[in-house]
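A quick write-up on the structure given underneath.
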Amino acid sequence: MGNKFMRMTKKDPKENGSKSKRMGRSQRKMLAEEEMLHKQALSLAIHQHQLSQRFEGSMSRRIGSRRRTQAESSNLTNGTKQLPENLDNIKTKNIVLIHGEGFGAWCWYKTIALLEESGLVPTAIDLTGSGIELTDTKNVNTLEDYSKPLIDYLQKLPETENVILVGHSTGGACISYALNHYPEKILKAIYLCGTMVSDGQRPFDVFAEQLGSAELFMQESKFLIYGNGKDQPPTGFMFEKEQMRGLYFNQSPSKDVALAMVSMRHTPLGPIMEKMSLSSEKYGTGRRFYIQTLEDHALSPDIQEKLVRENPPEGVFKIKGSDHCPFFSKPQSLHKILLEIAQIP
């Protein structure tokens, strides 16, 4: 084929026999290689199918998949993948990732990959009206409504299982809500530049320094969404793209910013304007940890420090050079801290 042409000449029978044997060996080799490739593809397909089973209902599927070596594929097929030695004895491998305002489970794609490579079991959930969960934000009026996918997940957990919750930004309010209702299901709660508010506070209150008071925001903000008509109270909000870039992504790679620009949705307003009701008997007994982001323009380091002082967690960690989205800007640093917290006895 190609530039080669076969000249039809009379050949010696011995030569033909030798050529036939060579072609037979070549064909057998090609068939063997093809069979091996089919087996590798099948093992990867089985693995991806198993991963997808963790993303049901309102849980977004993992975006993309890293390329694996033949040895890794073999280990996955044979079930021999091992946790790093220092993670063997952790109490739970289940880490549940809760996004912040406007985001969805899709934003955790780097974190999911890194946790899986460490042998842990991450699950990213779309809150109501977020990601691929199709509820209209005008119908999401309370923190209970907003947190329902997370609560449904916790309710379905076997009695013997518990999880580590990670809540980003306003997702912190959702993990506080969950901690107040199902403390026995939550081994640790990690607030990632999150709204770790005290009893009686609103999640929105922590952003007041950047956005103005809640009352002023409700009256004058050009970012409000009126899902029930202009003559009714606003139902959600969404910043303009340039404002989002400055608030959320001042240190993030351009590719991740581009992903966010086409994936973010309106944030329901009711849940973040709701005063939290947190009991000392349930929420107060939970193990909380806080991760601060030191180049954050949406929730400044000073405000994060104030949250930590007013509602002290068990441990505080800091990520240098991170904007409000460390899962984009500093994924390796975030991963290292998550592993460190998972190992705390």
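Say whether the condition of being among the polar types (S, T, N, Q), open to solvent by 70 Å² or more (accessible area, probe 1.4 Å) and in contact (Cβ under 8 Å) with a residue 12 or more places away in the chain is met by at least one residue in the stretch 290-298. No, the stretch 290-298 contains no residue that is among the polar types (S, T, N, Q), open to solvent by 70 Å² or more (accessible area, probe 1.4 Å) and in contact (Cβ under 8 Å) with a residue 12 or more places away in the chain. Across the stretch 299-314, a minimum of one residue is classified as part of a loop (DSSP other than H, G, I, E, B), open to solvent by 30 Å² or more (accessible area, probe 1.4 Å) and either modelled with pLDDT under 95 or out of contact with any strand residue (DSSP E or B) (no Cβ under 7 Å at 6 or more places or on another chain) (or both). All of Ser322, Ser279, Ser254 fail the test of being under 30 Å from Ile132 (Cβ atoms), surrounded by fewer than 19 Cβ atoms within 10 Å (Cβ to Cβ) and hydroxyl-bearing (Ser, Thr, Tyr), apart from Ser254. Applying the set (1) at pLDDT below 90; (2) of a type in the set (A, V, I, L, M, F, W, C); (3) in a strand (DSSP E or B) to Ile291 leaves exactly one unmet item: (1). Of all residues in the stretch 117-138, those satisfying the criterion of being in contact (Cβ under 8 Å) with a residue 60 or more places away in the chain and not in a loop (DSSP other than H, G, I, E, B) are Val121, Thr123, Ala124, Ile125, Thr137, Lys138.
Residues are listed down the side, and each one gets a yes or a no for (1) at pLDDT 95 or above; (2) under 20 Å from Thr128 (Cα atoms):
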| position | (1), (2) |
| --- | --- |
| Pro149 | yes, yes |
| Leu154 | yes, yes |
| Tyr182 | yes, yes |
| Lys185 | yes, no |
| Tyr191 | yes, yes |
| Phe204 | no, yes |
| Ser221 | no, no |
| Gly227 | no, yes |
| Phe237 | no, yes |
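Among residues of the stretch 318-344 that are of a type in the set (Val, Ile, Thr) and modelled with pLDDT of 95 or more, those with a Cβ under 6 angstrom from a residue that is open to solvent by less than 10 Å² (accessible area, probe 1.4 Å) and in a helix (DSSP H, G or I), sequence gap 6+ or separate chain, pair up as Ile319/Pro326.
The values are calculated or read from the model by the stated rules, or taken from the named source; none is laboratory data. Please read these numbers as outputs of a predicted model, since none were measured by experiment. Counting neighbours? That spans all protein chains shown, and the Cβs are built from the backbone with ideal geometry, glycine included. The accessibility values were calculated without ligands, DNA or RNA, using every heavy atom of the protein model including side chains. Shrake-Rupley method; radii C 1.70, N 1.55, O 1.52, S 1.80 Å.
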